[in-house]
1. Once you list every other residue whose beta carbon is under 11 Å from the beta carbon of A213, what net charge do they have if Lys and Arg are +1 and Asp and Glu are -1?
2. Would you mind pulling out the separation of the Cα centroids of region 7-27 and region 61-129, in Å?
3. What number does the chain give for Rg over Rh if you use C-alpha atoms and the Kirkwood radius?
4. Taking the Cα centre of the chain as origin, work out the dipole magnitude from +1 charges on Lys and Arg Cβ and -1 charges on Asp and Glu Cβ, in debye rounded to 20.
5. Positive end of the dipole of the chain, charges at C-beta (+1 Lys, Arg; -1 Asp, Glu), about the Cα centre: which of A211, L170, I7 has its Cα farthest in that direction?
6. Rounded, prolate or oblate: which fits region 148-192, taking a ≥ b ≥ c as square roots of the Cα gyration tensor eigenvalues, rounded meaning a/c under 1.5, else prolate when a/b beats b/c?
7. For region 121-227, state which trypsin sites (Lys or Arg not before Pro) are in a DSSP loop and have at most 16 other beta carbons lying within 10 Å of their beta carbon.
8. Count the net charge of all other residues whose Cβ sits under 12 Å from the Cβ of P6, scoring Lys and Arg as +1 and Asp and Glu as -1.
Amino acid sequence: MTARPPIAAPSMLSADFSRLAEELAVVDPARDWLHCDVVDNHFVPNLTFGPLLVAAARKLTTACVDVHLMMERPWVMVDAFREAGADVITVHLEACRETREVLHQIRATGARAGLAVRPGTPYAAAAPYLSSLDLLLIMTVEPGFGGQAFMPEMLEKVTAARDERARKRLDFVIEVDGGIGEATARVARTAGADVFVAGHGVFRAPDPRAALAGLRAAIAADPAPVG
Ligand code: DX5
Ligand code: ZN
C-alpha cells in the first residue's frame, strides 16, 4: 500500500463502465485506493462484477486495489481475486463461519486481510478478530447499492475500533463505506476512520476529479484528539 491514511477510495461501482479507463484515471496511486464492490445477489441483493473486471481495473491503475466481497462463501473466491490483482481483500463477518481461517487464507495469498460488518452487526462481534486484520470495514449503509444515505450512528463502532486499536497497540486501518461525501467524511475522520470509500460522491459528481480533490481535503484536516 503506497498511500498512507487518511486515504480516499473511489468505488468503481459508481463509475461509467463504458469509459472505465478515463474514470479510473482520477485515482492517484500515491494518495488513493481503488475500491471494488463485488455483490453476488445472495449475500445481499444486486449483482455487480467478479475477478474479470478486477483484473481489468488492475491493468488501468497502479493504485492499491481494495476488493470488498459482499458474497456468500467468500473463501471460495479469495484466490481468484488475488490472482486478478487485489491488494486488499475484505470479507463480511456475516458471511464467514471460520472467520479467522478466512483471514489467514487471505494473508497467505500475499493480500492484506479485511473484515467488514453490516450496520446491524455490533462492534463486539468483530472485536475478537482485530489482531488478525489489516483493515476493519464499518459499513455506513446497508451493503449492495451505491447512492444511499450515510448512517451516522455507525460512527460509534469506528470510535470503538480506534480506541481499542490504541489501547492494544494493534495495527489495522478503519474504513468507512457508504454515503461518503465531504461532510460525512469529515465526521467519520473525527470519529477515527482512515479510509473513505466514495462511489456516487466521486463518480456521479459533475467533475469527479474536483470531487475527489474535495474529499481528500476534507479528510486531510486533523481529526479531533482521542477523547
Ligand atoms: C455498497 C458498497 C459501497 C458503495 C458506496 O454496497 O459497498 O462501496 O459503492 O457507494 P456510495 O459512496 O455511492 O454510497
Ligand atoms: Zn464497498
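No lab work stands behind these numbers, since they all come straight from the coordinates. Please read these numbers as outputs of a predicted model, since none were measured by experiment. Reconstructed Cβ throughout: ideal geometry from the backbone, glycine too, with neighbour counts over all protein chains shown.
1. Computed value for this residue: -1.
2. 21 Å
3. Working: Rg = 15.8 Å, Rh = 17.1 Å.
With Rg and the Kirkwood Rh in hand, the quotient comes to 0.93.
4. 440 debye
5. The Cα lying farthest towards the positive end belongs to L170.
6. Values: a/c = 2.50, a/b = 2.29, b/c = 1.09.
Prolate is the answer for region 148-192, as a/c is 1.5 or above and a/b outweighs b/c.
7. Values: sites: K157, R162, R165, R167, K168, R169, R186, R189, R204, R209, R216; in loops: R169, R204.
Loop-located and lightly packed - R169, R204.
8. Neighbour charge sum, excluding P6 itself: +1.
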